[in-house]
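Only one structure is covered here, and it is reproduced in the block below.
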Amino acid sequence: MTAPHTYAAGVVPSAWVARFAPLAPTGEVLDVACGSGRHALLFAALGHPVLGIDRDAAALERLAAAAAAVPGIVTLQIDLEQDSEAAAGFDWPFAAGRFAAIVVTNYLHRPLLDALVASLAPGGILIYETFARGNERYGKPSNPDFLLMPGELLALAARGAAPLHVVAFEEGEVGMPAPALTQRICAVRPV
């Protein structure tokens, strides 16, 4: 295992993601809406090849600069919302069963949820953490399109012929890094 990456001040992995990242089996990790790559760097430091996707070219450039010290990170600029809304029958660009782990934080675009689950390899883990309904009282995001409904991540894990096995789930108020209402899940695709 590679030594943990030293993060810039204020740019540390989510405690939820860091807690469950060691459960990822060997293989490629997808970091959705990766931004500057705090989770891509974490998984790469654990020895995983990582694909970080985001629509923000500047954020991907910052990740590429940080990744120079941590091999194994590839970035792809893609606007999943634009592409999925603009084209009828949008094709998710990743094969079913490709990823050993998929991590998503502070991002929600419901048309992609089933595709994310389908892209997990058998035994692969989904680590998802984002804002939930009620967060509007704390500020942004406040648009219901970007807030999970109660139990929505549990419902996602239960869908389909082979539901995901839920390792952990939390829903409620958090105080760090700032007050918010969140939902978090770590779930495993059956082997």
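List of remarks:
- Identity of the residue in the stretch 146-173, without any contact (Cβ under 8 Å) to a residue 12 or more places away in the chain and either in a helix (DSSP H, G or I) or in contact with a Cys (Cβ under 9 Å, 6 or more places away or on another chain) (or both), that ends up farthest from Arg110 (Cα to Cα): Ala158
- Of the numbered criteria (1) surrounded by 13 or more Cβ atoms within 10 Å (Cβ to Cβ); (2) assigned to a helix (DSSP H, G or I), the one Pro111 fails is (1).
- For the stretch 65-85, a tally of residues being within 16 Å of the chain's Cα centre (by Cα), at pLDDT 85 or above, over 19 Å from His48 (Cβ atoms) and among the aliphatic types (A, V, I, L, M) returns 1.
- For the stretch 124-154, filtered to residues that are more than 17 Å from the chain's Cα centre (by Cα) and of a type in the set (Gly, Ala, Ser), the residue that is surrounded by the fewest Cβ atoms within 10 Å (Cβ to Cβ) is Gly139.
- Residue match in the stretch 29-41 (condition: within 28 Å of Val167 (Cα to Cα) and surrounded by fewer than 18 Cβ atoms within 10 Å (Cβ to Cβ)): no
- Pair list, Cβ < 7 Å and 6+ apart or interchain, from the stretch 39-59 residues that are touching a residue at least 12 places away in the same chain (Cβ under 8 Å) and at positive phi to residues that are part of a loop (DSSP other than H, G, I, E, B) and not small (Gly, Ala, Ser): Gly47/Met1; Gly47/Thr2
- In the stretch 8-34, residue farthest from the chain's Cα centre (by Cα) [restricted to those that are in a loop (DSSP other than H, G, I, E, B) and under 13 Å from Val74 (Cα atoms)]: Glu28
- Test set (1) at pLDDT below 95; (2) outside any loop (DSSP other than H, G, I, E, B); (3) of a type outside the set (Val, Ile, Thr) - Ala88 fails condition number: (2)
- Candidate set from the stretch 155-185 (those that are within 16 Å of Val117 (Cα to Cα), surrounded by 15 or more Cβ atoms within 10 Å (Cβ to Cβ) and of a type in the set (A, V, I, L, M)); member that is nearest to the chain's Cα centre (by Cα): Ile185
- Evaluating Ala58 against the criteria (1) in contact with a Ser or Thr (Cβ under 6 Å, 6 or more places away or on another chain); (2) part of a helix (DSSP H, G or I) leaves one unmet condition, (1).
- Residue count, the stretch 91-115 (criterion: of a type in the set (A, V, I, L, M, F, W, C) and at pLDDT below 90): 1
The values are calculated or read from the model by the stated rules, or taken from the named source; none is laboratory data. This is a predicted model, so every value here is computed, not measured. Note: ideal-geometry Cβ built from the backbone for every residue, glycine included; neighbour counts use all protein chains shown.
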